[in-house]
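Only one structure is covered here, and it is reproduced in the block below.
Here, each number is a calculation from the coordinates, and none is a lab measurement. Given the structure is predicted, the values throughout are model-derived calculations rather than measurements. Cβ: placed from backbone, ideal geometry, glycine included. Neighbour counts: every protein chain shown.
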């Protein structure tokens, strides 16, 4: 399908936009005058995006949840419970899943990933030196930046076919091609961790994330399952740059750890507040304090473990699947956060403007 490489948004492109956003007031600690419903509708029309959903939190509570527009163009209205594809925000949920295995003593962050893989090994120069920490922080030197996804009537590849880059997979083999330790954004490296989790737990990855992350955090409107056809009426459909619904509503991402999460801004707010609870060492938090602080500390440049850290100390991530855009920013010092999800190719243009007013 023409345009499928839209899902391969580079980190460099996002960071240029993020720097501009932060300089103009995008920090969760600052906001311009809130936009009216009419102004948001105008913004959506301007960029041919049918709907946007957003949430903010402050301290220990979600301060705002709202949704505007249509689940599918000329269709039913969205609500705060409508699920959108979170795209690369999935990497944060995946990091929490992997860190829960570390928390439970099942692995160490600095273990070579090949130590824990069954039936498949990462290959390439110095591949045995690639650690779990490196894959979480995009410093493993691995291939495949992002994934274009599959239409729902495509033959969907198995995980081993994706790892090996053989048909029907539509990406190359995942291997090491750069010296481990240097930053190289790699969704492919994250997919290796999807296999690691399944190998260690002996269960499908979506079930592992459900049990280890989504249920404990109360994320009842979230799932990694592909596809979520049983709740189709609760899902937003993706849309092209011209605002047309994409064929069969949305693409499927068997590369769940990198791009497969369906969620809502409210659920993502709960996840992010839990991360802050853990980093502050609160009783009963999801992760031990030291582990959470490692997650939100840059390993190389601005890359933490499943998150990025801005020069101002904001924790953030963006996401771009075919027909969907998503982003979050969190200020750990003030415990304020913003999450925006949209169902259009130019949803990033919408959230760049909207974030200034949240």
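Numbers below:
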quantity: For segment 43-119, fraction of C-alpha pairs farther apart than 16 Å, in %; calculated: 69
quantity: Gaussian network model of the chain, Cα within-10 Å springs - most flexible of 52, 190, 102; calculated: 102
quantity: Whether segment 226-285 is rounded, prolate or oblate, judged on the alpha carbon gyration tensor where a/c under 1.5 counts as rounded; calculated: prolate
quantity: Cα-based Rg and Dmax for segment 229-358, where Dmax is the largest Cα-Cα distance (Å); calculated: 16.1, 49
quantity: Residue of 194, 294, 85 that the Gaussian network model of the chain assigns the largest fluctuation, springs spanning Cα pairs under 10 Å; calculated: 294
quantity: Order of 174, 208 - criterion: other Cβ atoms within 10 Å of each residue's Cβ, fewest first; calculated: 208, 174
quantity: Segment 133-157 and segment 52-115: distance between their alpha carbon centers, rounded to Å; calculated: 18
quantity: Pairs of Cα atoms farther than 30 Å apart, segment 4-357, %; calculated: 30
quantity: Helical mean residue ellipticity (222 nm; -39500 (n - 2.57) per DSSP H run of 4+; nearest 500) of the chain; calculated: -8000 deg cm²/dmol
quantity: Protection proxy ranking of 137-147, 269-279, 123-133 - average other beta-carbon atoms within 10 Å, highest first; calculated: 137-147, 269-279, 123-133
quantity: Segment 293-358-segment 168-187 distance, computed between alpha-carbon centres (Å); calculated: 23
quantity: Three-way shape call for segment 165-301 based on the alpha-carbon gyration tensor, with the a/c threshold at 1.5; calculated: oblate
quantity: Relative contact order of the chain, pairs being alpha-carbon contacts under 8 Å that are 6 or more residues apart, as %; calculated: 28
quantity: Max mean-square fluctuation residue, GNM over the chain, Cα-Cα springs under 10 Å, options 115, 234, 175; calculated: 115
